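Okay, structure first, notes after.
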Amino acid sequence: MVDLTTKDERHQARQQRLKQQVDDKINAAQQERGLVLVITGNGKGKSTSGFGMIARAVGHGQQCGVGQFIKGTWDCGERNLLQQHGVIFSVMATGFTWETQNKAADTLAAQATWADCKAMLADNTLDVVLLDELTYMVTYDYIDLDEIINAIDARPSQQTVIITGRAAHRRLIDIADTVSEVRNVKHAFEQGIKARKGIDW
Ligand code: ATP
Ligand code: MG
């Protein structure tokens with residue numbers, strides 16, 4: 001047994017144990033396959049996170065697709081940038097907004113974008129597929145949850161799927177490998193500050 005007398009030696013021993021634990025975990029992680037990630041919660045940062053991963057993948061030369069399931073602001077900085085880098089987009093340009101009135105029209109719009117997303121989920125040339133704001137389509141019953149889960153289950157094994165949106169359905173959380181919940185601590189909008197280009201869209 002080594003006599004650890006100085007703070008430095010104790011620190012070094014602690015770091016060695018930590019390194020060993022981390023190395024063991026890294027060595028234990030042997031699976032290589034595409035993931036399902038869910039980014040949910042009421043705080044700001046869900047779509048930003050999803051697009052951040054798409055940017056990462058594109059930066060490594062990977063092929064990506066994005067389905068956008070909400071008509072917020074039509075303009076979208078990430079789409080403007082990523083389309084120039086070969087990312088394919090399907091956007092629900094009409095239909096669902098917070099003031100949605102017409103369920104039939106919204107359902108049609110959601111289904112059209114979902115058809116494109118199903119094609120992405122079946123495309124083995126795509127490394128990463130982002131389904132932005134998909135959770136609301138489940139909540140509002142615009143897209144059948146079984147159909148979503150089946151399409152995700154049947155995707156190419158190396159393809160990663162990212163789902164964003166508030167109040168993710170329990171079953172989406174169950175099929176996911178990684179789930180993060182972004183908690184709202186405070187948001188500028190609550191203090192009367194307008195949404196800003198480059199920050200909010
Ligand atoms: P972002 O796209 O900025 O990552 P998000 O995807 O987490 O946000 P959404 O629920 O999709 O959040 O809402 C999109 C818009 O609403 C963005 O303009 C965002 O800034 C704003 N927003 C997000 N969270 C809140 C909140 N807690 N209160 C008010 N506005 C919010
Ligand atoms: Mg969002």
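At-a-glance table
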item	result
Evaluated at q = 0.25, 0.28, 0.29 Å⁻¹: base-10 log I(q)/I(0), Debye formula over Cα of segment 156-201	-1.00, -1.10, -1.13
At R0 = 35 Å, FRET efficiency that the Cβ-Cβ distance of Val185 and Leu35 yields, to 0.05	0.80
Gln62-Asp153 FRET efficiency (beta carbon distance; Förster radius 30 Å; 0.05 resolution)	0.90
Antiparallel %, DSSP beta bridges [both residues in the chain], to 5	0
Listed pairs Lys44/Lys118; Lys46/Lys186; Lys44/Lys194; Lys44/Lys197 exceeding 21 Å between Cα atoms	Lys44/Lys118
Computed magnitude of the charge dipole of the chain (debye, nearest 20; Cβ of K, R +1, Cβ of D, E -1)	700
Charge tally in the Cβ shell below 10 Å around Cys64, where Lys, Arg are +1 and Asp, Glu are -1, Cys64 excluded	0
Solvent-accessible area per residue, Å², over the chain with all protein chains present [probe radius 1.4 Å]	63
Sulfur and carbon atoms: percent of accessible area, segment 100-177 [1.4 Å]	47
Mean residue ellipticity (222 nm) of the chain, computed from DSSP H runs ≥ 4 via -39,500 (n - 2.57), nearest 500	-13000 deg cm²/dmol
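The values are calculated or read from the model by the stated rules, or taken from the named source; none is laboratory data. Keep in mind that this is a model prediction, so the values were computed, not measured. Methodologically, a virtual Cβ is constructed for each residue, glycine included, from the backbone with ideal geometry; neighbour enumeration extends over all protein chains shown. Accessible surface is based on the protein model in full, side chains and every heavy atom, while ligands, DNA and RNA are left aside. Shrake-Rupley method; radii C 1.70, N 1.55, O 1.52, S 1.80 Å.
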